[in-house]
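**Student:** Handing you this structure, nothing more for now.
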Amino acid sequence: MDATGDTATKNDRLSAAFDVQYALNPESALIPLARMEGVTDAVVTPAFEGGNGRRDLLFAGQAAVIHLGGGLVDPLRRADVAQLLELGETGAEHAGGSRAAAIVLLHATLADVRRFAARPDDFRTSADTYNLRREDLQALIPVVEGREPLVVTVHRAVDILQVLTLAREEKLKLILDGAEEGWRVAPQIAAAGVPVMVWGSADRPVSFEQLGATLENAARLNAAGVTVMLDNPPLFEGGRTPRYDAGRAVAHGLPYGAALAALTINPARAFGVADRIGSIEPGKDADLVVWTGDPLDTTGAPVAVFVHGVQEPLRSRDTDLRDRYLPLDVAGRAARPVGQP
């Protein structure tokens with residue numbers, strides 16, 4: 001339902017300052033579903049929202065890293081871990097219909113941010129000379145200073161090269177998202193030291209800018225020396241896709257260890273939380289999953305999930321409803337699944 005969706009805003013005066021951390025709900029029925037699939041932590045990101053007045057706003061807002069522990073516990077691990085931006089075909093729509101306009105507007109906006117950072121008090125008398133509001137300019141200062149990564153969703157090879165050039169010129173810390181044609185320019189991505197979040201199920205073009213989509217994208221990027229991560233669907237899809245996408249990537253040439261890293265330590269490093277999560281090391285949070293078998297295989301399943309060292313129940317609203325409405329036995333007691341006390 002639209003009323004439960006807080007990942008985007010239709011406010012035509014807010015973009016980069018939009019911050020998903022303020023809408024986190026630790027009691028969401030979706031969190032246990034993902035946890036039952038072995039997900040202990042997630043990067044939650046803002047999304048773009050269509051509507052009047054938003055086409056010229058390039059930025060979606062601030063991302064956050066959360067843990068999936070249960071109860072009324074603040075799920076926030078770290079706020080403002082990245083700023084989200086779309087370029088390519090969709091970015092062109094936000095800039096009036098042209099990729100060229102999006103790049104020019106982005107350069108101009110970043111120049112505004114640097115001007116604002118140098119003399120913030122001048123904004124009171126010259127606000128009409130800036131492309132963004134004060135709140136948006138303030139939110140982008142860590143990006144132009146290279147302290148916060150800019151996650152750019154982009155797909156075709158030539159657009160990827162444009163983004164790499166922009167990041168070099170503006171001295172930005174960059175993460176590529178999507179990059180279905182990334183394998184075509186993998187050496188350039190590797191030389192720039194830019195990590196890539198791959199959409200693991202992209203096996204065919206869904207638009208003209210994804211004509212080079214292939215399930216071998218992750219393997220080819222990794223072979224070229226690119227740090228690969230797997231971009232997963234929202235938690236409302238149940239968290240089932242990440243490990244399946246990793247397994248699919250292994251089936252198409254990605255080394256097994258690289259696939260595990262793409263779900264764990266690589267994103268932890270890219271989003272600045274590797275000091276706490278992403279690998280099993282002394283001093284880190286005990287976010288652990290015990291599996292019946294291979295976690296990248298459909299037959300494997302979690303038998304124990306620990307978040308912050310606390311074992312979480314492998315139950316959800318779905319399983320509770322299943323058990324509640326199972327057919328009654330002759331004694332009038334709810335029948336239980338095989339093996340359950």
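**Student:** For the structure I just gave you, tell me whether Ala157 is among the small types (Gly, Ala, Ser) and touching a residue at least 40 places away in the same chain (Cβ under 8 Å).
**Tutor:** On the way: among the small types (Gly, Ala, Ser): yes; touching a residue at least 40 places away in the same chain (Cβ under 8 Å): yes.
It is true that Ala157 is among the small types (Gly, Ala, Ser) and touching a residue at least 40 places away in the same chain (Cβ under 8 Å).
**Student:** Still on this structure, I have one more. With respect to the numbered conditions (1) open to solvent by less than 50 Å² (accessible area, probe 1.4 Å); (2) free of Cβ contacts under 8 Å to residues at least 24 places away in the same chain, which one is the sole condition not fulfilled by Pro195?
**Tutor:** (2)
**Student:** Related question: For region 174-189, check the following and say yes or no: at least one residue is open to solvent by 20 Å² or more (accessible area, probe 1.4 Å) and part of a loop (DSSP other than H, G, I, E, B).
**Tutor:** So far as region 174-189 goes, no, none of its residues is open to solvent by 20 Å² or more (accessible area, probe 1.4 Å) and part of a loop (DSSP other than H, G, I, E, B).
**Student:** Based on what the data block shows, is Asp323 under 24 Å from His67 (Cβ atoms), under 35 Å from the mean Cα position of the chain (by Cα), in a helix (DSSP H, G or I) and at pLDDT 85 or above? Spell out the reasoning first.
**Tutor:** On the way: under 24 Å from His67 (Cβ atoms): no; under 35 Å from the mean Cα position of the chain (by Cα): yes; in a helix (DSSP H, G or I): yes; at pLDDT 85 or above: yes.
No.
**Student:** What pairs can you find where one residue is in region 121-135 and closer than 15 Å to Leu58 by Cβ, the other is surrounded by 12 or more Cβ atoms within 10 Å (Cβ to Cβ) and modelled with pLDDT of 85 or more, and their Cβ atoms are less than 6 Å apart, with a gap of 6+ or different chains?
**Tutor:** From region 121-135, the pairs are Tyr130/Asp112; Asn131/Thr109; Asn131/Asp112.
**Student:** Sticking with this one: Can you find, within region 259-283, the residue that is nearest to the chain's Cα centre (by Cα) among those that are farther than 16 Å from Pro149 by Cβ and in contact (Cβ under 8 Å) with a residue 60 or more places away in the chain?
**Tutor:** Taking the candidates together, the pick is Ala262.
**Student:** Shifting gears a bit: Which of the residues spanning region 6-26 are closer than 19 Å to Ala79 by Cα, free of Cβ contacts under 8 Å to residues at least 60 places away in the same chain, open to solvent by 40 Å² or more (accessible area, probe 1.4 Å) and outside any helix (DSSP H, G or I)?
**Tutor:** Scanning region 6-26 gives Asp6, Leu24, Asn25.
**Student:** Can you tell me which residue is modelled with the lowest pLDDT among those in region 63-80 that are farther than 15 Å from Gly278 by Cα and either touching an Asp or Glu at 6+ places or on another chain (Cβ under 8 Å) or open to solvent by less than 20 Å² (accessible area, probe 1.4 Å) (or both)? If you could, list the steps in order and put the result at the bottom.
**Tutor:** First, pick out the residues of region 63-80 that are farther than 15 Å from Gly278 by Cα: 63-64, 69-76, 79-80.
Remaining after also requiring either touching an Asp or Glu at 6+ places or on another chain (Cβ under 8 Å) or open to solvent by less than 20 Å² (accessible area, probe 1.4 Å) (or both): 63-64, 69-70, 72, 75, 79-80.
Working: Ala63: 95, Ala64: 96, Gly69: 91, Gly70: 85, Leu72: 75, Pro75: 92, Ala79: 95, Asp80: 95.
My answer is Leu72.
**Student:** Out of Val104, Val194, report the one residue that is outside any loop (DSSP other than H, G, I, E, B) and of a type in the set (A, V, I, L, M). Walk me through how you get there before you give the answer.
**Tutor:** On the way: Val194 fails: outside any loop (DSSP other than H, G, I, E, B).
After applying the criteria, what remains is Val104.
The values are calculated or read from the model by the stated rules, or taken from the named source; none is laboratory data. As the structure is a prediction and not an experimental result, all values here were calculated from the model. Every residue, glycine as well, gets a Cβ built from its backbone with ideal geometry; the counts of neighbours run over all protein chains shown. Areas reflect the complete protein model, heavy atoms only, side chains present, ligands, DNA and RNA absent. Shrake-Rupley method; radii C 1.70, N 1.55, O 1.52, S 1.80 Å.
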